Structure formats: structure tokens, C-alpha cells
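The block underneath contains the structure these notes are about, expressed in C-alpha cells.
The values are calculated or read from the model by the stated rules, or taken from the named source; none is laboratory data. Note that the structure is predicted; figures quoted are calculated from it, not measured. Using ideal geometry, Cβ is built from the backbone for each residue, glycine included, and neighbour counts are taken over all protein chains shown.
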Amino acid sequence: MVKPSVFVTRRWPAAVEAKLAEDYNVVLNTSDKPLSPAEIRSALKTHDAVLPTVTDTLNAEALDAPGAQTRILGNYGVGYSHICAASARDLGLTVTNTPDVLSECTADLAMTLMLMVARRAGEGERELRAGGWTGWRPTHLVGTKVSGKVLGIIGYGRIGQEMARRAHHGFGMEVVVYNRSCVAPEVLARCNATQVDTIEELLPRCDFVSLHCPGGAENRHLINSRRLDLMTPDAFLINTARGEVIDEFALIQALQYDLIGGAALDVFDGEPRVSPELLHCDNLVMLPHLGSATKEAREAMGFRVLDNLADFFQGRDPRDRVI
Ligand code: DGY
């Protein structure tokens, strides 16, 4: 039997690329450079499957490929707001993602950011590396205690729930949740969490607010200046979801005028571009989109794409079909 042809848009962990090469006729992007819309269109015309990832832009222009040979987009990543759903449907494409396998690592990173910003770890490291540390003193880089505080979680899917588990069972935090749909009582009970009906109700109650909702048009600027104003002046905002969920201009103002205690970001609107104003905010911790960046999670994400491809090419409905 002829093996299906598969096009991979970026480098993947070696173990996964090796398995892909065993099972399929694979073309790898050995340069690891992001593809242009024209290159994506050309891949769609010549391969049975295209395996994009969260930094590829599969908008209407890139998916304008009538008569495409591709029947499945096996996305490497859980978020798929970079794929234009209407265009994918028009082309008759099946789209899959990679949930579950990165939830723990992404929640670990959200905890890292929360602790870093509260305890001023970024500021401390910058001071030490710059040779500016003059020694211990009672007033040096005094931060905020995390244990026992109130954590607001916006978006209570798998990653939000993992964040709650760490915060509640590890740090004794009280968890307040906002989620579009009603969360089952037994799921809330695992972390003694309370669900509120609106973001407006959640924000003023929290010492920390962590974003775990999807990106895309519907959540663009979900956190805007009006909502930042509802946070208490000492509260911290953590974003490991998608950059566009926060109105970055409003956040910069809030940080510059100390309207909130601080923020910690793993994702940026228009990344990898980072607003120069953000670089000057000391009450801000920034990481370069590292949420799922562990060997374990990145390999598991790749093997999850392989599972989805196997389902699809063997005539089963892929377990992670999102379109
Ligand atoms: C995703 O999977 O959507 C993350 O942003 C990258 O792991």
C-alpha cells in the first residue's frame, strides 16, 4: 500500500520525526523557518496531510487552495485559533489538535510565572546578574505571599483545572472560576472552587488572575482597560493562553501607572514581536511561549498527532477532531 504523503511545517522532536518517517512519505521543513501563505498553499496541493503548529498562520489566504490534495490538518498544539475554521470547512478538511498531553506542563509554567512575579524573581535575577546585589537586608525586593491567597481562573478547561489543582492543593489557595459554560459541581469540588457568572464578578475578588481560555476573535481583548480597572491595585495577571486575550496597550498603561501589582506573560499579541514598552516594565515577568516546552510534553504532542493521523488514514474518526 502506498504510504500517505505528509508535510510538516516546523522541526519536531527527533523521536517523533523518526516515527513519522517510518509510517509516511514525509517532507520535513529542515530549515525550521515559518512558511509563507504561498508555501502553505503549495503543501496543501501536493500532500495528503499537512501538520502545522500554533505559529503558522492558516488564514483564508493560506487556505485558498481549491482542489487541494490535503484532507487533514494535524495540528501540533492544543490551540487552533491560527486556523481559519470556515476556510478549512470549505476545503473539506478534518482538523485535529493535541489536548491533555501538555496540560500539566502548561499549568506548571503558569505556576512558575505566578511565583516569579509575586516574589520578584525576575527583578532579583536581573539585579544579581548586573552585579547590583549589595547583600541581604530586611527591605530588599520584598514581594507578595502566594500561599493562601485567592486565585481567579478564567477558562476552566484541562489546563485551568491543572492550575487550580496545583494552587489549591499545593499552596492552599482559594479558587474562583469564570467559565463560559457551567462547570460540573464534582469538577469544582476537586479544588473547592467557586464558579462566578461574570468576569466582572471575579476580578475584584482575586489576588491573582490566570488566563486559560482559548484565543481567537471571540476572546480578543477579553482583558481590556475597563476590566484591568476592576482588579485590585495589588493583584497580578498571568497569561499562558494567547497574547490577543489581553489588550496589550491597556496592560502597559496599568503596569506603568501601578494600577495592578504586576503581570507575567508567556504569550504576546503578534509574537515573537514584543512591544518595547513591555521591556521597560519592572513589575512584569516575560517568557518566550514556553508553556508546553518540556521534552515529555513536546514528544507526547507529536505522538498525539501521529495517533490522529493513524485514526484518519485507517478510516476512524480521529480522537482529537476539532473540525
Ligand atoms: C498550544 O499548544 O496551543 C500552546 O500554545 C503551545 O504548546
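Would segment 171-180 turn up any residue that is at positive phi, surrounded by 13 or more Cβ atoms within 10 Å (Cβ to Cβ) and out of contact with any Ser or Thr (no Cβ under 8 Å at 6 or more places or on another chain)? Spell out how you get there, then give the answer.
Step one: of segment 171-180, the residues at positive phi are 172.
Now drop any that are not surrounded by 13 or more Cβ atoms within 10 Å (Cβ to Cβ), which leaves none.
No; the residues of segment 171-180 include none that is at positive phi, surrounded by 13 or more Cβ atoms within 10 Å (Cβ to Cβ) and out of contact with any Ser or Thr (no Cβ under 8 Å at 6 or more places or on another chain).
Based on what the data block shows, is LEU251 in the same structural domain as LEU202 (by TED's automatic domain parsing), closer than 24 Å to ARG158 by Cα and without any contact (Cβ under 8 Å) to a residue 60 or more places away in the chain?
Numbers: in the same structural domain as LEU202 (by TED's automatic domain parsing): yes; closer than 24 Å to ARG158 by Cα: no; without any contact (Cβ under 8 Å) to a residue 60 or more places away in the chain: yes.
When the stated conditions are applied, LEU251 does not pass them.
Among the residues of segment 202-225, is any of a type outside the set (A, V, I, L, M, F, W, C), over 22 Å from LEU115 (Cβ atoms) and surrounded by 18 or more Cβ atoms within 10 Å (Cβ to Cβ)?
Residues of segment 202-225 that are of a type outside the set (A, V, I, L, M, F, W, C), as a first pass: 204-205, 207, 210, 212, 214-216, 218-221, 224-225.
This time we only want the ones that are over 22 Å from LEU115 (Cβ atoms), so: 204, 214-216, 218-221, 224-225.
Add one more test, that the residue is surrounded by 18 or more Cβ atoms within 10 Å (Cβ to Cβ), and what stays is 215, 219.
Looking through segment 202-225, at least one residue is of a type outside the set (A, V, I, L, M, F, W, C), over 22 Å from LEU115 (Cβ atoms) and surrounded by 18 or more Cβ atoms within 10 Å (Cβ to Cβ).
Give the residues of segment 41-55 that are among the aliphatic types (A, V, I, L, M) and either touching a residue at least 60 places away in the same chain (Cβ under 8 Å) or more than 19 Å from PHE312 (Cβ to Cβ) (or both), sorted by residue number. First the steps, then the outcome.
Let us first name the residues in segment 41-55 that are among the aliphatic types (A, V, I, L, M), namely 43-44, 49-51, 54.
Those that are among the aliphatic types (A, V, I, L, M) and either touching a residue at least 60 places away in the same chain (Cβ under 8 Å) or more than 19 Å from PHE312 (Cβ to Cβ) (or both): ALA49, LEU51, VAL54.
State the number of residues belonging to segment 258-273 that are under 17 Å from the mean Cα position of the chain (by Cα) and either away from the ligand (no atom under 16 Å from the Cβ) or assigned by TED's automatic domain parsing to the domain that holds GLY92 (or both).
Narrowing segment 258-273 to residues under 17 Å from the mean Cα position of the chain (by Cα): 263-273.
With either away from the ligand (no atom under 16 Å from the Cβ) or assigned by TED's automatic domain parsing to the domain that holds GLY92 (or both) added as a condition, the list becomes 263, 273.
Total meeting the criteria: 2.
Checking VAL245 against (1) of a type in the set (Val, Ile, Thr); (2) in contact with a Lys or Arg (Cβ under 9 Å, 6 or more places away or on another chain); (3) under 30 Å from TYR24 (Cα atoms), which test does it fail?
VAL245 satisfies every listed condition except (3).
Might you check whether a residue that is under 23 Å from ALA310 (Cα atoms) and either hydroxyl-bearing (Ser, Thr, Tyr) or surrounded by 14 or more Cβ atoms within 10 Å (Cβ to Cβ) (or both) occurs anywhere in segment 32-39? Let's see the steps before the verdict.
Residues of segment 32-39 under 23 Å from ALA310 (Cα atoms): none.
There is no residue in segment 32-39 that is under 23 Å from ALA310 (Cα atoms) and either hydroxyl-bearing (Ser, Thr, Tyr) or surrounded by 14 or more Cβ atoms within 10 Å (Cβ to Cβ) (or both).
I'm trying to understand the selection: among the residues of segment 42-64, which are surrounded by 19 or more Cβ atoms within 10 Å (Cβ to Cβ) and either out of contact with any Gly (no Cβ under 7 Å at 6 or more places or on another chain) or more than 19 Å from VAL16 (Cα to Cα) (or both)?
ALA43, LEU44, HIS47, ASP48, VAL50, PRO52, ASP56, LEU58, ALA62, LEU63
Please specify each residue of segment 1-22 satisfying the condition of being among the charged types (D, E, K, R), within 16 Å of VAL50 (Cβ to Cβ) and not in a loop (DSSP other than H, G, I, E, B). First the steps, then the outcome.
Residues of segment 1-22 among the charged types (D, E, K, R): 3, 10-11, 17, 19, 22.
Checking which are within 16 Å of VAL50 (Cβ to Cβ) leaves us with 3, 10-11, 17.
If the condition is that a residue be among the charged types (D, E, K, R), within 16 Å of VAL50 (Cβ to Cβ) and not in a loop (DSSP other than H, G, I, E, B), then GLU17 is the only one that fits.
Count, please, the residues in segment 275-317 that happen to be more than 16 Å from the ligand (Cβ to nearest atom) and part of a loop (DSSP other than H, G, I, E, B).
Result for segment 275-317: 9.
Take segment 232-257 and flag every residue that is farther than 17 Å from GLY160 by Cα, within 15 Å of the ligand (Cβ to nearest atom) and polar (S, T, N, Q).
none
Just the residues that are of a type in the set (Val, Ile, Thr), within 24 Å of the chain's Cα centre (by Cα) and away from the ligand (no atom under 11 Å from the Cβ), please, taken from segment 59-102. Write out each step before concluding.
If we filter segment 59-102 for residues that are of a type in the set (Val, Ile, Thr), which is where we start, we get 70, 72, 78, 83, 94-96, 98, 101.
After this cut, where a residue has to be within 24 Å of the chain's Cα centre (by Cα) as well, the list is 72, 78, 83, 94-96, 98, 101.
Within segment 59-102, ILE72, ILE83, THR94, VAL95, THR96 qualify.
Which one is surrounded by the fewest Cβ atoms within 10 Å (Cβ to Cβ) among residues in segment 255-307 that are out of contact with any Gly (no Cβ under 6 Å at 6 or more places or on another chain) and of a type in the set (Phe, Trp, Tyr)?
Here the answer is TYR257.
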